Structures are given as C-alpha cells and as structure tokens.
Amino acid sequence: MRHSRILKMTMGAVLLLFIAAGCATKKPMTQEPKPDISAPAVKVSTIQKISFTEEENYTRIQIEGSEPIAPPFYKLLSDPLRIAIDVPNIDLKEIKSPLRIENGTIGDVLTTQYDDKGRIEISLLQMTNYNISNEETNLIIDVEKVKKVEDAKEVKKEEESLK
C-alpha cells in the first residue's frame, strides 16, 4: 500500500509539472507593443487661383493654395521649352483653363492633375532664368524677362556711346 501511495504522489507531482510547464510556455513573459499602422494624415492643398503680375525685369506667377504647399520638384524641359513643376499632395482640379501670359518670354501656364500630385508647366518662348519659392500657402515663380534682340542691341550702342 505504501508503494502505491508513493506512486500516486509521484504521478501527481509529474502531472502538476506538465500542467505548469504547459501554461508557462503559452504566455509570453513580456508583451510586445502593437505596431502603429495608422499613417499620419497629409493635408492636400487645393489650388484656388493662378495669377501673374508683370514687373520691370521679371514676371511673377503666383499659385494660391488652401493649405501650405509642399516643396516642389522642378526641371527645365525642352521640345517644347518649358519649366515643369511637380508638387506632391496638391489638388489642381479647380483650375479649368490655361493662364495665357504671352509676353515674349512666357507663353502660357498649364496644369495637370495626377493621383496624388499635380504638375504646373510654364511654357517658355526663350531660354531664361527663373526662381521658385514657397511663401506659406503660395508658390511663387519669378521668371526673368528676356530682352528682345533689337532692345539688347540698342542698350549696347548706348553703353558704347557713353564710353
């Protein structure tokens, strides 16, 4: 009898060890944080107006947005000659028709909407310098006016006569 009692106690202890070991492996000692799968919301700037002003030495094209405009990517393209400005997170759908400038340097300003970005193209009639800058909710493009060949010759003649 004593032998069967020891056997039962040993079997009970082994059973308890298996149960305890099984429970211990099912629960991790530390909990891992849940990954943050929500991406930060990006505000899309809706372009409300594209306008231009003529200054003495340059033409300023102003693009007015509803939110701050993301920094653009731009390049000078040829055939036809134009400045292509790609802006992420922008909505150009409110701009229905091209802006015609036709001042001897700039032809017109066209807009194209892609999925999450927009392209603004400024057609150039001649090669020139330009500067692009962000000012709060506006994108400013200053395009240097190119002097006509006749005007440049007249200025050169005046400079030579002053010498």
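May I ask you to list the residues in the range 124-141 that are among the hydroxyl-bearing types (Ser, Thr, Tyr) and either under 15 Å from Ser66 (Cα atoms) or buried (at least 18 other Cβ atoms within 10 Å of the Cβ) (or both)? Listed by number, the residues that qualify are Tyr130, Thr137.
Consider the range 67-77 and keep the residues that are farther than 20 Å from Ile106 by Cβ and not charged (D, E, K, R). The one that is most open to solvent (accessible area, probe 1.4 Å) is Phe73. Filter the range 106-123 for residues that are free of Cβ contacts under 8 Å to residues at least 24 places away in the same chain and in contact with a strand residue (DSSP E or B) (Cβ under 8 Å, 6 or more places away or on another chain); which is most open to solvent (accessible area, probe 1.4 Å)? Per the stated criteria, the residue is Leu110.
Starting from residues that are farther than 19 Å from Thr53 by Cβ and acidic (Asp, Glu), keep the ones in the range 78-105 and report whichever is surrounded by the most Cβ atoms within 10 Å (Cβ to Cβ). For the range 78-105, the residue satisfying everything is Asp91. Note on the range 119-151: residues that are under 18 Å from Leu92 (Cα atoms), in contact with a Gly (Cβ under 6 Å, 6 or more places away or on another chain) and modelled with pLDDT under 95 total 1. A search for C-beta distances below 6 Å between a residue of the range 45-74 that is more than 12 Å from Gly118 (Cα to Cα) and any residue that is surrounded by fewer than 16 Cβ atoms within 10 Å (Cβ to Cβ) and of a type in the set (A, V, I, L, M, F, W, C), counting only pairs 6+ apart in sequence or on different chains, returns Gln62/Ile140.
The values are calculated or read from the model by the stated rules, or taken from the named source; none is laboratory data. Source: prediction; values computed, not measured. Counting neighbours? That spans all protein chains shown, and the Cβs are built from the backbone with ideal geometry, glycine included. Just the protein is used for accessible areas: all its heavy atoms, side chains included, with ligands, DNA and RNA removed. Shrake-Rupley method; radii C 1.70, N 1.55, O 1.52, S 1.80 Å.
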